[in-house]
Structures are given as structure tokens and as C-alpha cells.
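The values are calculated or read from the model by the stated rules, or taken from the named source; none is laboratory data. Computed from a predicted structure; not experimentally measured. Here the Cβ positions follow ideal geometry from the backbone for every residue, glycine too, while neighbour counts run over all protein chains shown. Ligands, DNA and RNA are stripped out before the accessible areas are found, and what is left, the full protein with its side chains, is counted by its heavy atoms. Shrake-Rupley method; radii C 1.70, N 1.55, O 1.52, S 1.80 Å.
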Amino acid sequence: MGLLYDPEKEIQRRIMVDGTELLCSRENMIELIDNKNWLCIAGDGGCGKTFLLQYMFNMFLKMHRYIAVYVKLSDVKGEKDKKLIISYLVNNYKVGNETRLSEDLKSSDRDKTVVFFLDGLNEVSENQREIINAINELTEIRDVRVVMTTRYPSRDLSNKFKTIHISDLTEDELKGYLGQGHIQIEKNSILRLP
């Protein structure tokens, strides 16, 4: 189960981007996307990669100059071709036929930036190479951005990706996030995993 949070509240999390520490604020996330960056959020299991991706997705979903699309990569199955992600979207999001979606993405008169939020590259096993090829192809399309999560960035990803390294949540951060989800935690309690 993912962490519950209030998408209207800023999350007070520090991340590393190209060796520079940044606060994970709305302004910084928007700036990273607006500067034509493709982002790979990397870190150990349980550090909050999916949480950050969902936070960013919900933020961009509310902004009218973006089309935000969330895809859980472990759900992408099908033919092993370059249009794997587009085929998945066509079959699961009812966006029309595959050819039209491809043409719409490449259209020069589109006035919005499409941002794909792709969760869990490391969770894909059977067709990972094809998915990486499809992701790399998306980076070639004008006004398309990709933000994805993985434990370890693949060497096969386009060199256009900037890696965001996210460290494990501190106990105080974890208590704060759980508290935002209205889970009661006593002030001096110690969190223990089973």
C-alpha cells in the first residue's frame, strides 16, 4: 500500500540532481520538467520513489499546460515492438487508435507538453529491453517529457535523462508523511518494521 498524503501540501524532501541537492518543491519539479529534462528517480526500495512520482503526477495533472499520463510499467505487456507503451495506453486509456496517438504525440501544433510518469522500470523483467527502447523513442518527440522510477538507472536509457537520487526516508520524514495521511503516531514512538 502506498503512503497517503495531501497533494496540496508541499513535501519537505531533499533530492540530489547531478550532484546538487534540491528541495523537492513544486517550483523545482516544474523547472526540471520545463527545462526539457527527462528524469529518472532512483533509490533503494521503500525510499519514496513511487510516492514522489505520484506527488509529481498529481501536481502536473492539475496544470492546464500539461497532459499528465501515469503508467505502472509492470502492467505493460504485449508485443515486443517500439510502440509498446503507446499500445498499452491505447488499450487501457481509451485514447483512440495507435496510429492517431503516435501522430498526435508528434504533431507540431500540439500546445501542451505531455509528461509520462512511468513507475517501476526495475519491476519489469520479460520485456525490459523493449520498454527501454520505447522510453528512449519518447525522448525524441517534441514537447514530451518522461519521469520514471527505478532502483538502479539502466545504462541503456537515453543520455537525456537526469538522475534524481533519493535517499531513504528518515524516521522523522516517515512520521510526517504518515501523519499527513491521518495515521496517529505518538511523538516519541519508535517505528519498527515487522
The range 13-61, accessible area per residue, ligands and nucleic acids excluded (1.4 Å, Å²): 40 Å²
Burial ranking of peptide ranges 47-59, 147-159 (average Cβ count within 10 Å, highest at the top): 47-59, 147-159
For the range 117-150 and the range 42-64, distance of Cα centres in Å: 15 Å
Sites Ser154 and Leu61 - FRET efficiency at Förster radius 30 Å, r taken between beta-carbons, to 0.05: 0.65
Accessible area per residue in Å² at 1.4 Å probe, computed on the range 102-164: 49 Å²
